[in-house]
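Handing you a structure now.
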Amino acid sequence: LCRTKEAKKPLVVREMGIRIYTLEELCYLIYNNVYVISDDFFDSTLIEFIKDTGESELADRITEQKSRSTSLAQIVVTVLKYVDYYTIEEIEKLQDVLEMLGTQNVYERLKARADAFLENKRYYSAIRNYSAIIEGKPDTSLSGLFYAQVYHNMGVAHARMFLYTQAASYFDKAYKIGQHEESKKCFMAASRLAAGSQIIELDDA
């Protein structure tokens, strides 16, 4: 089904823990993980991978676009249209999403990426992106609900790695900011799991 040849050396996408060998796989990766793709994704390593598949023309186009500071949305569309793996309608739909992401600030994009990693069970990558928000300078244009969701999802990522003590701390912070019952319940559950055999049976929680 691939119209281009396989690369001799795969492109290793470390944050997602996968290797790809063809441009069709690259298109599938981009299309289904649009929230994870950033400007840094189209680096020299990716350019060399594209050349390795025998598509120097596409590699040259991307290099030129990067030199002109072309938007991420336009670079993605260039790749998808060149490979012709998706229909025009599908590509235009994706372009709308990318342009919407372009209107978000840095923290909103980081959260979108982190949420995508969390959903795909890439917990370390999710935590790294959530941490960049938490450890960065507070953005007063973002609501308390935004930060509550970040702390809550940090708790979820840690809990799924069985790090219940850390998870409880994040759920507690999420509840203090957002006052959501779900965060409170998760805090109580994580605290109990962190206690292990030290659970007190008469504990009201």
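The values are calculated or read from the model by the stated rules, or taken from the named source; none is laboratory data. Since the model is a prediction, treat every value here as computed from it, not as a measurement. Reconstructed Cβ throughout: ideal geometry from the backbone, glycine too, with neighbour counts over all protein chains shown. Only protein heavy atoms, including side chains, enter the accessible area calculation; ligands, DNA and RNA are left aside. Shrake-Rupley method; radii C 1.70, N 1.55, O 1.52, S 1.80 Å.
For LEU142, which sequence-distant residues (separation of 5 or more, or a different chain) have an amide H within less than 5 Å of its own amide H, given hydrogens modelled in the peptide plane?
Result for LEU142 returns nothing.
Could you compute the FRET efficiency for MET161 and ASP40, with r as their C-beta to C-beta distance and R0 at 30 Å, rounded to 0.05?
0.75
Please compute the length gained on full extension between GLU108 and THR63, using 0.36 nm multiplied by the number of residues separating them and subtracting their Cα-Cα distance.
That pair, GLU108 and THR63, stretches by 13.5 nm at full extension.
Note down the accessible area of THR22, probe 1.4 Å, to the nearest 10 Å².
That residue has around 10 Å² of solvent-accessible surface.
Gaussian network model of the chain, Cα springs within a sub-10 Å range: biggest mean-square fluctuation belongs to which of ALA148, ALA195, ALA73?
ALA195
Let me ask another. Computed FRET efficiency, Cβ-Cβ of HIS180 and ILE18, R0 35 Å: what is it to the nearest 0.05?
0.55
So, one more: Per residue, how many Å² of accessible area does the stretch 14-168 show with a 1.4 Å probe?
Here the residues of the stretch 14-168 average 53 Å² of exposed surface.
Another one. Using bins 10 angstrom wide from zero, how does P(r) for the stretch 53-141 break down, in % of all Cα pairs?
The calculated distribution, bin by bin, is 15, 32, 36, 16, 2.
Under 20 Å from a point placed 7 Å out from the Cα of GLU92 along the Cα-to-Cβ direction: which residues of the stretch 41-74 have their backbone N that close?
73-74
I would also like to ask the following. How much net charge surrounds PHE187 when only other residues with a Cβ under 12 Å from its Cβ are counted (Lys, Arg +1; Asp, Glu -1)?
+2
In square angstrom, rounded to the nearest 10, how much accessible surface does ILE37 have for a 1.4 Å probe?
Using a 1.4 Å probe on the heavy atoms, I get roughly 20 Å².
While we're here: Mind putting a number on the dipole of the chain about its Cα centre? Charges go on the C-beta only, +1 for Lys and Arg and -1 for Asp and Glu, and I need it in Debye to the nearest 20.
Using only the charged Cβ atoms, the result is roughly 500 debye.
Taking 7 Å along the Cα-to-C-beta vector as the label spot, tell me the LYS121-SER143 distance in nanometres, rounded to one decimal.
3.3 nm
Also: Can you tell me the orientation of helix 106-119 relative to the chain, as the angle in degrees between its alpha-carbon axis and the longest Cα principal axis, to the nearest 10?
Around 80 degrees separate the two axes.
Okay, moving on. On the protein heavy atoms, probe 1.4 angstrom, tell me the percent of accessible surface of the chain carried by carbon and sulfur.
About 50 percent, which is the carbon plus sulfur part of the accessible surface.
Right, next: Under a 10 Å cutoff between Cα atoms, tell me which one of SER38, SER69, SER169 has the largest fluctuation in the Gaussian network model of the chain.
Looking only at SER38, SER69, SER169, the largest GNM fluctuation is found for SER69.
Taking the stretch 103-174, which trypsin sites (Lys or Arg not before Pro) meet the DSSP loop condition and have no more than 15 other C-beta atoms within 10 Å?
Answer by residue number: LYS121.
Now a separate question. Any idea what the alpha-carbon Rg over 2.2 N^0.38 Å comes to for the chain?
With N residues counted in the chain, Rg over 2.2 N^0.38 Å equals 1.25.
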